[in-house]
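Below: one structure, written as structure tokens.
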């Protein structure tokens, strides 16, 4: 499995049944694309959407963007065919909806293997039900293919009988628990969507809250929100400069046999350098993704 650093500031859902949208996605500034075969596709269009998505991914043209396919649940008439249909199309990950058990992961893993999926095809999991949230650790450790969690706060709100408040207080416990499990097992963690496309200020606030929680980025439902997500979840220039400075200073101190060093009056230890290296790696990956070459 790859340990490549990837920006995931903005990950946009695209309806798999809309060929024009799949083509338009090639020119969007999103870090990642989720080609959706589940909620965005009507039952009578499921099979054709599956074929269309697989063909579009094979045809390429999406540059360095991360490509994920959200399949239908394995308990639906389409889920198994979805996994078989996209297993070897070239996607980076398949996204399973409403994951609630390790058994679901193991079943998907077996089906992907039988369908010829490459070893580096990841499984991402929608965390969108109370049972799924409570069993997050069992899900995270069910297979080496599990590499990411995606919050589904809309479905979670329905099951919790909770309200979508500006501060998202009803979801704090779930968001925090998912983040703990994700970081404990080195998984990608993406925040849920913001449904009110006219509430640009509220969307920005929610992005900043997601960043504060530690999420890698935001899942989106409209291209007009990409720029804000990219800005919020990218490390700012002063943070990048500071990170490079303390990495260099700590390296110089280590060469002299020192474990700590003062930089601009601040005590810098290995833990600060670890975080600084993460920030610099992310900044470099963003620069590479946005490079025209």
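Values quoted throughout were computed directly from the atomic coordinates according to the rules given, and no laboratory measurement underlies them. As the structure is a computational prediction, the values presented were derived from the model and not from experiment. Cβ sites come from the backbone with ideal geometry, for glycine too, and all protein chains shown count toward neighbours.
Sequence gap at least 6, Cα distance under 8 Å: using those rules, report the relative contact order of region 237-290 to the nearest whole percent. List each step's numbers first, then the result.
On the way: 42 pairs, mean separation 20.4, N = 54.
Worked out over region 237-290, it gives 38 percent.
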Next on the checklist: Below 8 Å between Cα atoms, with a sequence gap of 6+, how large is the relative contact order for region 142-293 in percent?
Outcome noted: 17
Checklist entry - Hey, what angle do you get for helix 200-213 against the long axis of the chain, alpha-carbon based, 0 to 90 degrees rounded to 10? => result 70
Checklist entry - In the Gaussian network model of the chain, springs joining C-alpha atoms below 10 Å, which of 224, 147, 266 carries the largest mean-square fluctuation? => result 266
Next on the checklist: How far apart, in nanometres, would the label points at residue 278 and residue 177 be if each is projected 7 angstrom from Cα along the Cα-to-Cβ direction?
Outcome noted: 2.3
Item to check | Packing-based exposure ordering (other Cβ within 10 Å, fewest first) of 124, 78 | outcome: 78, 124
Item to check | Point-to-point label distance, residue 160-residue 45, nm (Cα→Cβ direction, 7 Å offset) | outcome: 3.1
Checklist entry - So what is the relative contact order for region 10-232, in percent, with contacts set as C-alpha pairs under 8 Å and at least six apart? => result 18
Checklist entry - Distance from the Cα centre of region 199-273 to that of region 125-149, in angstrom? => result 26
Item to check | Helix 172-184 vs. the chain, principal-axis angle (Cα, 0 to 90°, nearest 10) | outcome: 70
Next on the checklist: As I understand it, the value is the acute angle between the Cα axis of helix 46-59 and the longest principal axis of the Cα atoms of the chain; what does it come to in degrees, rounded to 10?
Outcome noted: 50
Item to check | Burial ordering of 207, 89, 125, fewest other beta-carbon atoms within 10 Å first | outcome: 89, 207, 125
Next on the checklist: Considering only C-alpha atoms, what is the centroid distance from region 61-94 to region 15-52, in Å?
Outcome noted: 11
Checklist outcome for this item: Connecting every pair of Cα atoms under 10 Å apart in the chain and solving the GNM, the largest mean-square fluctuation among 190, 169, 267 falls on 267
Item to check | Gaussian network model of the chain, springs between alpha carbon atoms under 10 Å - residue of 221, 240, 57 with greatest fluctuation | outcome: 240
Checklist entry - Which residues does a label at residue 244 reach in region 252-293, if reach means a backbone N under 19 Å from a point 7 Å past the Cα toward the Cβ? => result 252-253, 263-264, 273-292
Next on the checklist: As a footprinting exposure proxy, order 17, 48 by other Cβ within 10 Å, with the fewest listed first.
Outcome noted: 48, 17
